[in-house]
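Below you'll find the structure, written out as structure tokens, and then a few comments.
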Amino acid sequence: MGGNRQVANRPLLDPAFLAKLEKLTLEWRDRFTGPGGGSKTSHHRGAGQEFFEHRHFRSGDDFRTVDWRAYMRFETLFLKTFQLEPRVPMRLLLDVSASMNTDGADEPAKFDYARVLAAALTYIALIQLDSILLQPFSDRLHRPEIASGGRQHFASAERYLRELRASGRTDFLPVAREFLQRYPRRGLVIIISDFFEDSGRLSPLQEIAMSGHELMLVQLWSEEDRQPPGEGDLELTDAESGMTLMLALDEAARQAYTNAFDRHASQVRELAARHEGRYTAVSTGMPVEEVIFGPLALGRKP
């Protein structure tokens, strides 16, 4: 199934899956505590707040926040302020290059799979009343979408994901540089991609981590990405460059191909490990629900 074969009226997530995501939310919050940086104070008591300090009452302050016990003792109006748990900006970078359109036998296209995965992560964020930036990319950053304001705004984000198309080539160098210019505030950066890049340059992603962002790399692959099917002469066409390669496929050639893929996956995993990030390898043959409640929910670092 091609990634651009859009079923306009079919939602990315069914109601039963959404209900299960609701139950995952409390555990999910504990898994992603990335670099918040700084703290805020509030006069209003709420979840995730601790007492910070008293301050003198000023004109315009809310009388509901007055510490009346302190007033009875000192005959002076004091307000209690509370320290808020910092919100960590979350940005989800979604690969929309042509290589994501490829699929395997009896497997969805990586692009379709990636959008379902992105939709699930977006719904989790909205349940928590967090904001999440959806940022498509190929050899540049495309028009983003911000999802915020609770689960009632999920429909808009889901429609945005369904309307995306995959084309062009991947180039992490301009993507990383543009990302850092546009989003300098440190946060959690989730990248969903097959990490296939013409020049094989993954190093620009290090610039994002070295700037203080926490990386979570989710590498999608189909079975045919790792193990080409068939026997005899095989013509492979690069989805992004259009270049073709002829292979005489026997058992030795198949093993060499698989070994090359595994080395590439190791490079992606090691990139995350060097910068204390997270890495998850996901086969499109695995149900998305299993991924969300398994490798991603565990939130393990490599």
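A short reminder: the numbers here are calculations on the coordinates, not readings from a lab. On a predicted model such as this, the values are computed, not experimentally measured, just so you know. Reconstructed Cβ throughout: ideal geometry from the backbone, glycine too, with neighbour counts over all protein chains shown.
For a modelled paramagnetic label at Arg87, 7 Å from Cα along Cα-to-Cβ, the residues of region 122-157 in reach, with backbone nitrogen under 13 Å, are 125-133, 146-151. Projecting label points 7 angstrom from Cα along Cα→Cβ for Asp14 and His275 puts them 3.8 nm apart.
Amide H to amide H distances under 5 Å link Arg278 with Leu215, Met216, Leu217, where only residues 5 or more positions off or on other chains count and H is placed in the peptide plane. So if R0 is 30 Å, what FRET efficiency would Asp250 and Ser283 give, r being the distance between their Cβ atoms, rounded to the nearest 0.05? My answer for the efficiency is 0.80. Computing FRET efficiency as 1/(1 + (r/R0)^6) for Leu129 and Glu290, where r is the C-beta to C-beta distance and R0 is 30 Å, gives about 0.65. When each of the peptides 134-146, 211-223 is scored by how many other beta carbons lie within 10 Å of its residues on average, the order from highest to lowest is 211-223, 134-146.
Efficiency by 1/(1 + (r/R0)^6): what FRET value for Asp139 and Gln206, r their Cβ-Cβ distance, R0 = 25 Å, to the nearest 0.05?
Plugging the Cβ-Cβ distance into 1/(1 + (r/R0)^6) gives 0.85.
Note on Lys23 and Leu173: their simple-model spin labels are 4.9 nm apart, each label 7 Å out from Cα toward Cβ.
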